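Engineer: Encoded as structure tokens, here's the structure I'll be asking about.
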Amino acid sequence: MKAFGVHKRCYGTRRLRVELRRKGYHVGRQRLRTVMRRRGLHALQPKAFTPRTTDSTHGLRCAPNWLLHQPKPTQANQV
């Protein structure tokens, strides 16, 4: 399974079969799967994408609330 190591363990049975066919080996996908399982080879799965959001635990000061020092509004649209 030289092709498996050349591609840094990223190729599964589908891509390995295509690679082996290019090199002249005619092997089925299920046979390739069986051989890989017997040798303990399995393709590495990429990590799931986790979006980076705002860091809310940064420890910096927050903006002061200026409305706390204002008198309470008695009507709408006074602030």
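Here, each number is a calculation from the coordinates, and none is a lab measurement. No experiment lies behind these values; they were computed from the predicted model shown. Cβ placement follows ideal geometry from the backbone for every residue including glycine, while neighbour counts extend to all protein chains displayed.
Residue-wise test of (1) of a type outside the set (A, V, I, L, M, F, W, C); (2) part of a helix (DSSP H, G or I); (3) more than 16 Å from L16 (Cα to Cα); (4) in contact with a Gly (Cβ under 7 Å, 6 or more places away or on another chain).
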| position | (1), (2), (3), (4) |
| --- | --- |
| V27 | no, no, no, no |
| R33 | yes, yes, no, no |
| H42 | yes, no, no, no |
| P51 | yes, no, yes, no |
| P71 | yes, no, yes, no |
| Q78 | yes, no, yes, no |
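Engineer: With the requirement that a residue be of a type in the set (D, E, K, R) and either touching a strand residue (DSSP E or B) at 6+ places or on another chain (Cβ under 7 Å) or surrounded by 10 or more Cβ atoms within 10 Å (Cβ to Cβ) (or both), what does the stretch 36-79 give you?
Structural biologist: If the condition is that a residue be of a type in the set (D, E, K, R) and either touching a strand residue (DSSP E or B) at 6+ places or on another chain (Cβ under 7 Å) or surrounded by 10 or more Cβ atoms within 10 Å (Cβ to Cβ) (or both), then R37, R39 are the ones that fit.
Engineer: Any residue in the stretch 6-27 that is hydroxyl-bearing (S, T, Y) sitting within a Cβ distance under 8 Å of a residue that is surrounded by fewer than 14 Cβ atoms within 10 Å (Cβ to Cβ)? List the pairs, counting only those 6 or more apart or interchain.
Structural biologist: Close Cβ pairs (under 8 Å, with a partner that is surrounded by fewer than 14 Cβ atoms within 10 Å (Cβ to Cβ)) amount to T13/R29.
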